[in-house]
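Down below is the structure, laid out as structure tokens.
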Amino acid sequence: PRAPPSATASYLPQAPHLPELVWFVADARHAGDAAVAAVRREFAAVAARASTTAVATASLDDLRAVMPYDINELAFRYGLKCFSTAVKPWVFRLLFARGHARCLYFDPDIQFYADLDELVLRLHRVAILVTPHVTRPNPDDGKWQTDLQLARTGVYNFGFLGLSRAHEPVLDHFLAWWAARLRFEGHVDLEKGLHYDQQWGAFVASFYPPDAYHVLRDPRYNVAYWNLHYRGREIRVRPSDGAATYKGAPLIFVHFSGVATDAWDPDASLSPHQTRFRLGDFPNLAPLFRDYARATAGAARHRAACRYGLAAFDNGAPVPYWLRGLPGSLVAAGRARARGPPAP
């Protein structure tokens, strides 16, 4: 994880109605690894402080029970980040198989500032809940990101995704279809229209009836560098109690994608994924950035200590990047040829 479990503790007081929080950790083969053991200890401390939420762990080994093929196939095909996103449909399958009716997924670089009750209520009525990257165009200033770049990475940001059994056939179809796409087409290749798992979300609005999904356009959700050009100046942090608001209403969560966690530098780029803003361009957001940096200060330590155990063959030889993608590209090419001539 990019953020240590201790950062998760800040979320629990904001979630009095959340029945369970599941944190995915390294699988059983890493038992005894010092860094993994440290993460597990921190997570146990978080669980001990949870008063109203059941805190559970799950692992890659648990996914084997719901996957029809060996998970090592995905581990070989993808690097760490693509592998982590390619298993997401199966993580949802696992949680629904455990009896959950509604599930919310969040990237580990998201910080919460208010409760998520509205999300849970909406999932009583719809099967799929998504947030768009932007609801207004990007400035035409020659800087990143542009509308075209966001279209290539995905209309919706899958750093957050809510799914439920409210429309069971829709849920089952979406998870099966999404998992099938990510088995071979979960790479990052923007020229080919591939960007992890999230660009496939663009089909939600055309695949399913309007009452089965909801696009959450509320600007208080999923604030990030890609929408700060119109949301950033509207956020305030009250000095009296530290409450974060958007135009006076509670801010729900911020997605700190790419924001450095080691130190606060107002002259640094807000995120390496964009060129439009520096951290210091939003003085009103400085308390949020500083608090996030403090909360995730241990992330660099975990990254430095944790070795990605699926980056090499059993004999220790590293798996070349080009070899990882080769099986998927060959299969995709064969499937494309089998479909017949392209449409006119």
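The values are calculated or read from the model by the stated rules, or taken from the named source; none is laboratory data. Please read these numbers as outputs of a predicted model, since none were measured by experiment. In this analysis, Cβ positions are derived from the backbone assuming ideal geometry, glycine residues included, and neighbour counts consider all displayed protein chains. Surface areas here come from the heavy atoms of the whole protein model, side chains and all, with no ligands, DNA or RNA. Shrake-Rupley method; radii C 1.70, N 1.55, O 1.52, S 1.80 Å.
For D115, the stated conditions hold: it is open to solvent by 60 Å² or more (accessible area, probe 1.4 Å), closer than 27 Å to V237 by Cβ and either touching a helix residue (DSSP H, G or I) at 6+ places or on another chain (Cβ under 8 Å) or at pLDDT 90 or above (or both).
The condition of being farther than 30 Å from I128 by Cα, at pLDDT below 95 and not in a loop (DSSP other than H, G, I, E, B) holds for R301.
Candidates in segment 119-131 are the residues that are open to solvent by 10 Å² or more (accessible area, probe 1.4 Å) and in contact (Cβ under 8 Å) with a residue 24 or more places away in the chain; of these, the one that is nearest to W200 (Cα to Cα) is V126.
A search for C-beta distances below 6 Å between a residue of segment 225-240 that is within 20 Å of G258 (Cβ to Cβ) and open to solvent by less than 30 Å² (accessible area, probe 1.4 Å) and any residue that is modelled with pLDDT of 95 or more and of a type in the set (D, E, K, R), counting only pairs 6+ apart in sequence or on different chains, returns Y230/R136.
For segment 150-165, indicate whether the set of residues that are of a type in the set (F, W, Y) and in a strand (DSSP E or B) is non-empty. Yes, segment 150-165 contains a residue that is of a type in the set (F, W, Y) and in a strand (DSSP E or B). Of all residues in segment 148-170, those being without any contact (Cβ under 8 Å) to a residue 24 or more places away in the chain and either buried (at least 21 other Cβ atoms within 10 Å of the Cβ) or hydrophobic (A, V, I, L, M, F, W, C) (or both) number 2. Identify all residues within segment 255-273 that are of a type outside the set (S, T, Y), open to solvent by less than 40 Å² (accessible area, probe 1.4 Å) and either part of a loop (DSSP other than H, G, I, E, B) or more than 22 Å from F158 (Cα to Cα) (or both); write none if there are none. Across segment 255-273, the qualifying residues are F256, G258, V259, A268, L270.
The single condition among (1) open to solvent by less than 50 Å² (accessible area, probe 1.4 Å); (2) at negative phi; (3) at pLDDT 95 or above that Q145 does not meet is (3). Scan segment 243-272 and report the pairs whose first residue is at positive phi and whose second residue is among the hydrophobic types (A, V, I, L, M, F, W, C) and surrounded by 16 or more Cβ atoms within 10 Å (Cβ to Cβ), with Cβ atoms within less than 8 Å and a gap of 6+ or a chain change. As it stands, the answer is G258/L270, since those pairs meet every condition given. Of the residues making up segment 171-197, those that are closer than 24 Å to R122 by Cβ and open to solvent by less than 20 Å² (accessible area, probe 1.4 Å) number 6.
Of the strands (runs of 3 or more DSSP E) entirely within segment 207-254, none holds at least 2 residues that are closer than 17 Å to D291 by Cα and at pLDDT below 95. Only residues that are exposed (fewer than 11 other Cβ atoms within 10 Å of the Cβ) and either touching a helix residue (DSSP H, G or I) at 6+ places or on another chain (Cβ under 9 Å) or closer than 14 Å to Y308 by Cα (or both) were counted in segment 69-79, giving 1. Of the residues in segment 189-204, at least one is assigned to a helix (DSSP H, G or I), out of contact with any helix residue (DSSP H, G or I) (no Cβ under 6 Å at 6 or more places or on another chain) and among the β-branched types (V, I, T). For the structure I just gave you, tell me whether G280 is touching a Pro at 6+ places or on another chain (Cβ under 6 Å) and either farther than 21 Å from R136 by Cβ or without any contact (Cβ under 8 Å) to a residue 12 or more places away in the chain (or both). Taking the combined requirement at face value, the residue satisfies it.
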